[in-house]
Amino acid sequence: MKNLVYFGLVTFCLWSAPITAQDQVSDPATADGRIARAQFTTKIVNREPVDRVLVVSPPVEEVFFFTDLRHMEGDTATHSWRYRGELISQVSFDVEGPRWRVYSKVRLEPYQFGDWSVTVTDGSGWPLYTELFRFEPAQAGANASVKGVKSLE
């Protein structure tokens, strides 16, 4: 009986032990804590995205990519914008603090329907994160110019 109580106590202690950050499985893209948040948005207010978009249509003419960088001070981060796999634009940022929020934007031309992506790389060119969105033609009679939107307000 004494062994059973001891076994139960040990089991309870192990089962109720707090989970540390080392025990948690995290997204490999953010495992080192360098990209805390990243997303496409239709607008930035006070250095924060107002929504999260996956699909946009005209009359939307520009899309922003927001990135919340952590523990990269002294390094450089670059947003590489691609349209259908072709490099369209690169914007680099000097990271000057332990938490650094940056954003870049692209102007969507009426003929550039299809898949877009942004890859965030560090100063050595190592890819840290990639996200995609789609630019679609407007639907006849449709009111919404942004689909797949999650408001952050």
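Where a number appears in this text, it was derived from the coordinates with a stated rule and is not lab data. Keep in mind the model is a prediction, meaning the values are calculated, not measured. Quick reminder, even Gly has a Cβ in these numbers, built from the backbone with ideal geometry, and neighbours come from all protein chains shown.
Given 0.36 nm per residue, what is the gain on full extension from Asp115 to Ala138 after removing their alpha carbon distance, in nm?
Working: separation 23, 0.36 × 23 = 8.28 nm, distance 1.51 nm.
Result: 6.8 nm gained on full extension.
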Going fewest to most other Cβ atoms within 10 Å around each Cβ, Leu54, Leu69 line up as Leu54, Leu69
Taking 0.36 nm per residue of separation between Glu61 and Arg47 and subtracting their Cα-Cα distance, the length gained on full extension comes to 3.1 nm
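Just to be sure I understand: if I project the alpha-carbon convex hull of the stretch 28-138 onto a plane and average over all orientations, what area do I get in nm²? Present the calculation step by step, with values, prior to reporting the outcome.
Working: hull surface 26.7 nm².
Taking the Cα atoms of the stretch 28-138, their convex hull projects to 6.7 nm² on average.
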A correct fewest-to-most ranking of Trp116, Trp81 by other Cβ atoms within 10 Å would be Trp81, Trp116
